[in-house]
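Below is one structure, written out as structure tokens; the observations come after it.
Where a number appears in this text, it was derived from the coordinates with a stated rule and is not lab data. Computed from a prediction, not measured in an experiment: that's the story for all the values here. Please note: Cβ atoms are built from the backbone with ideal geometry, for glycine as well, and neighbour counts cover all protein chains shown.
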Amino acid sequence: MYEYICYCDKVTKGDIASAVFKGAKTLKEVVAVTGAMMNPDCERNNPKGICCGKDIVELIKEYS
């Protein structure tokens, strides 16, 4: 089972960790590397009903 962070584009916590470990330091850089947030339909796809941007930023902080 994957731990999705971006449900719309099927980007996992591991994908984000990998991007940060490879040098992505900002939300914009993580999005460019992973493809997260490209096809947003957050209210329908994300169980939280909100955009994953804040979750990605928190993971960047965690893995930096």
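Observations
- Residues of type lysines that residue 48 reaches as a straight line, Cα spacing below 17 Å, ignoring anything fewer than 8 places off in the same chain: 10, 13
- As a rough guide to protection, the peptides 45-51, 17-23 ranked by mean Cβ packing within 10 Å, highest first, stand as 17-23, 45-51.
- The chain: calculated mean residue ellipticity at 222 nm from DSSP helix runs of at least 4, using -39500 (n - 2.57): -13500 deg cm²/dmol
- Count Lys and Arg as plus one, Asp and Glu as minus one, and take only other residues whose Cβ is under 13 Å from that of residue 8; the net charge is then -1.
- Entry for P(r) over Cα pairs in 10 Å bins from 0, in percent (calculated from the structure that is shown) out of (i) 22, 61, 17; (ii) 19, 46, 30, 4; (iii) 25, 58, 16, 0: (iii)
- Helix 53-63 axis, angle to the chain major axis (alpha carbon atoms, nearest 10°): 30 degrees
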